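Asks: Please see the structure below; I have some questions.
The values are calculated or read from the model by the stated rules, or taken from the named source; none is laboratory data. Note that the structure is predicted; figures quoted are calculated from it, not measured. All Cβ positions, even for glycine, are placed from backbone atoms using ideal geometry, and neighbour counts span all protein chains on display. Surface accessibility is based on the protein's heavy atoms, side chains included, excluding ligands, DNA and RNA. Shrake-Rupley method; radii C 1.70, N 1.55, O 1.52, S 1.80 Å.
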Amino acid sequence: MGKPLIVVLGAGLGGTIASYEIKAAVKGRADVMTVSDTDSYSFIPSNPWVAVRWREPEAIQVHLPPVFAKKKIGFTSVGAKRLHASEKRLELNDGTSITYDYLVIATGPDLAFNEIEGLGPQGHTVSVCQTAHAADAADAFDAFVENPGPIVVGAVQGASCYGPAYEFALILDTELRRRKIRDKVPMTFVTAEPYIGHLGLDGVGDTKSLLESELRDRHIKWITNARVAKVDAGLMHVEEVNDDGSVKKAHDLPFGYSMMLPAFRGVPAVSNIEGLTNPRGFIIIDKHQRNPAFPEIFALGVCVAIPPTGPTPVPVGVPKTGFMIESMVTAIAANLALILEGREPTAEATWNAVCLADFGDGGVAFVAQPQIPPRNVNWASSGKWVHLAKIGFEKYFLRKVRKGESEPFYEKLAMHVMGIRKLRF
């Protein structure tokens, strides 16, 4: 009998780090293989910088095959067509299949632009959700600054990632001021959140006041409880909703440039599998990151099903932030090691959140322990140091990916000193 095979589906932030950490945790008792639809890792948090040409795409990408080969992790960039969970089989896009013993789903989301007419790169708004999208957004921004006009930035109903929307609005403000054309660009922030700084988390610390102050100081108007009905060329139709769901006011917002984050859903390869996914295609997991119906399947990151923090007039999802995802990785790696030893999984991720939101010349940082309220730690702060910290973190994380490391000793030590842990004890 050969060794058990652990397949990691996805090579984004969660999948790449999971491959490294699982390989180290199982200590040669299982083979590890990663299935991706691309051979490059992209540092998604830097996409807003790409969209204003503060970074070129290749500066935030890592070519993965040599790294995986060095770590003795199998790798293919053919991509997955369909998961056949009852057969423990992953069908690939080239018609071949991989039969696994354990599967770790880390696909990230499918971007639901088509749920709103005219939304997204195929419509009338740009995107920073993927690095290729951000590169196209940079081309559109180059054209925009030649003929400046109104800008609309935000996140539509059902979105579950709000930080990049705030980042991009404020980065645009910084760049436009540097170009000395900010006075020609009225800006509006449009969000499904019930209040500024909600972030899908019912706020963290004083994010409401901090972010309202940033928008106000930079002359950015905002509309909350917003539902985007339709996007035409140069015109966004937005319904501002009352607490009871009725329409308070209809807004027709002209724009020369717009970036709106979409709602997310599960990727087609794993959607609509009874017992595995919820109606939106997100993976159902227990406290050990394990699917109850298919116990050989684990999941982490944006593809995981998490209920909203509470009812809101317009649907608002919960974000899965970087450190939270890394805590899921550590729990899965520990649980797979236990299973291979013939023991039951016991590791639980803390789902703690440590976030740096860069505004180009400052930013907001917050720590939420755990990310979902009620919390043991609920802290937020702002200042120029956040921008510098984000630059440092980008360089550090890309170095980790290039070296095939999940969590160097000094990172673990620093987090423990601050009382920020990945696993519950």
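Asks: Excluding residues on the same chain fewer than 8 positions from K88, give the lysines whose Cα lies under 21 Å from its Cα.
Replies: K3, K23
Asks: Still on this structure, I have one more. Springs between alpha-carbon pairs under 10 angstrom, Gaussian network model over the chain: which of A155, A59, A137 fluctuates most?
Replies: Its mean-square fluctuation being the largest, the pick is A59.
Asks: Then there is this: Using the Karplus equation 6.51 cos²θ - 1.76 cosθ + 1.60 (θ = phi - 60°), what ³J(HN,Hα) coupling, rounded to whole Hz, does each residue of segment 65-76 give in order, writing x for Gly and Pro?
Replies: Karplus-based 3J(HN,Hα) across segment 65-76 equals x, x, 5, 5, 4, 4, 8, 6, 10, x, 8, 9 Hz.
Asks: What does the charge count around H84 come to, taking other residues whose C-beta lies under 15 Å from its C-beta (Lys +1, Arg +1, Asp -1, Glu -1)? Present the calculation step by step, with values, prior to reporting the outcome.
Replies: On the way: positive: K81, R82, K88, R89; negative: E87, E91, D101, E274, E296.
That sum, taken over residues with Cβ under 15 Å, equals -1.
Asks: Here's another thing I want to ask about it. If you wrap the chain's Cα atoms in a convex hull and average its projection over all directions, what's the area in nm²?
Replies: 19.9
Asks: Report, by chain and number, residues whose modeled amide H sits under 5 Å from the one on T34, excluding near sequence neighbours (fewer than 5 apart, same chain).
Replies: Sorted by chain and number, the residues that satisfy this are V8, G74, F75, T76.
Asks: While we're looking at this one, here's another question. Please work out how much accessible surface I223 shows to a 1.4 Å probe, ignoring ligands, DNA and RNA, in Å² rounded to 10.
Replies: Answer for I223: close to 10 Å² accessible.
Asks: While we're here: How many nm separate the modelled label positions at D142 and A233, each set 7 Å beyond the Cα in the direction of the Cβ?
Replies: 2.2
Asks: Students sometimes get this wrong: rank C129, C303 by accessible area, probe 1.4 Å, all chains present, largest first.
Replies: Working: C129 30, C303 5 Å².
Accessible-area ranking of C129, C303, largest first: C129, C303.
Asks: Rounded, prolate or oblate: which fits segment 1-138, taking a ≥ b ≥ c as square roots of the Cα gyration tensor eigenvalues, rounded meaning a/c under 1.5, else prolate when a/b beats b/c?
Replies: Note, shape of segment 1-138 comes out oblate.
Asks: Right, something else. Determine the sum of side-chain charges near V231: Lys and Arg each +1, Asp and Glu each -1, restricted to other residues whose C-beta is under 14 angstrom from that of V231. Walk me through the numbers before you get to the answer.
Replies: On the way: positive: R227, K230; negative: E115, E117, D232, E239, D252.
Computed value for this residue: -3.
Asks: For the chain, which whole percent of the accessible surface, found with a 1.4 angstrom probe, sits on carbon and sulfur atoms?
Replies: Carbon and sulfur: 53 percent of the exposed surface of the chain.
Asks: Okay, moving on. For segment 156-255, go through all pairs of different Cα atoms, get the mean of 1/r, take its inverse, and jot down that Kirkwood value in Å.
Replies: 14.3
Asks: By per-residue mean of other Cβ atoms within 10 Å, what is the highest-first order of 232-241, 348-357, 163-172?
Replies: Highest to lowest by the protection proxy: 163-172, 348-357, 232-241.
Asks: Springs between alpha-carbon atoms under 10 Å, Gaussian network over the chain: tell me which of M324, M33, M260 tops the mean-square fluctuations.
Replies: M33
Asks: On a 0 to 90° scale, report how tilted helix 163-178 is relative to the longest principal axis of the chain, with both axes built from alpha carbons and the result rounded to the nearest 10.
Replies: Rounded to the nearest ten degrees, it is 50.
Asks: Net charge near E115: determine it from the other residues with C-beta under 13 Å of the C-beta of E115, scoring Lys and Arg +1 and Asp and Glu -1. Spell out each step's value before the answer.
Replies: Values: positive: R227, K230, R265, R280; negative: D110, E117.
Net local charge, E115 excluded: +2.
Asks: Please give, to one decimal in nm, the separation of the simple spin-label points placed at E91 and E344, each 7 Å out from Cα toward the Cβ.
Replies: For E91 paired with E344, the spin-label model returns 3.6 nm.
Asks: Related question: Over the Cα atoms of segment 241-365, each weighted equally, I'd like the Debye log10 I(q)/I(0) at q = 0.14 Å⁻¹, rounded to two decimals.
Replies: Results for segment 241-365 at q = 0.14 Å⁻¹ read -0.81.
Asks: Which three lengths, in whole Å and largest first, does segment 280-425 cover when its Cα atoms are put on their principal axes?
Replies: The Cα atoms of segment 280-425 stretch 50, 45, 28 Å along the principal axes, largest first.
Asks: Write down the percent of antiparallel bridges among all DSSP beta bridges whose residues are both part of the chain, to the nearest 5.
Replies: The antiparallel proportion sits near 55 percent.
Asks: Helix 322-340 sits at what angle to the longest principal axis of the chain, using alpha carbons and giving 0 to 90 degrees rounded to 10?
Replies: It is inclined by approximately 10 degrees.
Asks: Quick one: Karplus J couplings for segment 125-135, per residue in order, coefficients 6.51, -1.76, 1.60, θ = phi - 60°, nearest Hz, x for Gly and Pro?
Replies: Couplings: 10, 9, 9, 10, 6, 10, 5, 5, 4, 5, 5 Hz.
Asks: Now, a different point. Pull up all non-local amide H partners of W222: gap of 5 or more, or a different chain, and H-to-H distance under 5 Å with H placed in the peptide plane.
Replies: HN-HN under 5 Å from W222: F189.
Asks: Ranked from the most accessible area to the least, with a 1.4 Å probe and all protein chains present, what is the order of R177, R182, R216?
Replies: On the way: R177 100, R182 35, R216 130 Å².
Reading off the accessible areas and sorting them downward yields R216, R177, R182.
Asks: Set the Förster distance to 56 Å, then compute FRET efficiency between K70 and I372 from the Cβ-Cβ distance, nearest 0.05. List each step's numbers first, then the result.
Replies: Working: r = 37 Å, r/R0 = 0.66.
E between K70 and I372, to the nearest 0.05, is 0.90.
Asks: If you don't mind, another one. Which ³J(HN,Hα) values, rounded to whole Hz and listed in residue order, are derived for segment 344-353 from phi using the Karplus coefficients 6.51, -1.76 and 1.60 in 6.51 cos²θ - 1.76 cosθ + 1.60 with θ = phi - 60°, glycine and proline given as x?
Replies: 7, x, 10, 6, 10, 6, 6, 6, 6, 10
Asks: Also, quick follow-up: Taking the radius of gyration and the Kirkwood hydrodynamic radius from Cα positions alone, what is the Rg/Rh ratio for segment 1-49, to two decimal places?
Replies: 1.09
Asks: Between Rg and the Kirkwood Rh of segment 335-398, both from Cα atoms, what is the Rg to Rh ratio? Working shown, then result.
Replies: Working: Rg = 16.8 Å, Rh = 14.0 Å.
Taking Rh as the inverse mean 1/r over Cα pairs, Rg/Rh reads 1.20.
Asks: Full extension from D39 to A250: what is 0.36 nm times the residue separation minus their Cα-Cα distance, to one decimal in nm?
Replies: 71.5 nm
Asks: Based solely on its DSSP helices, what 222 nm [θ] is calculated for the chain when runs of n ≥ 4 H residues each add -39,500 (n - 2.57) and the sum is averaged over all residues, nearest 500 deg cm²/dmol?
Replies: -8500 deg cm²/dmol
Asks: Counting Lys and Arg as +1 and Asp and Glu as -1, each charge on the Cβ, what is the dipole of the chain about the Cα centre in debye, to the nearest 20?
Replies: Magnitude of the dipole: close to 1180 debye.
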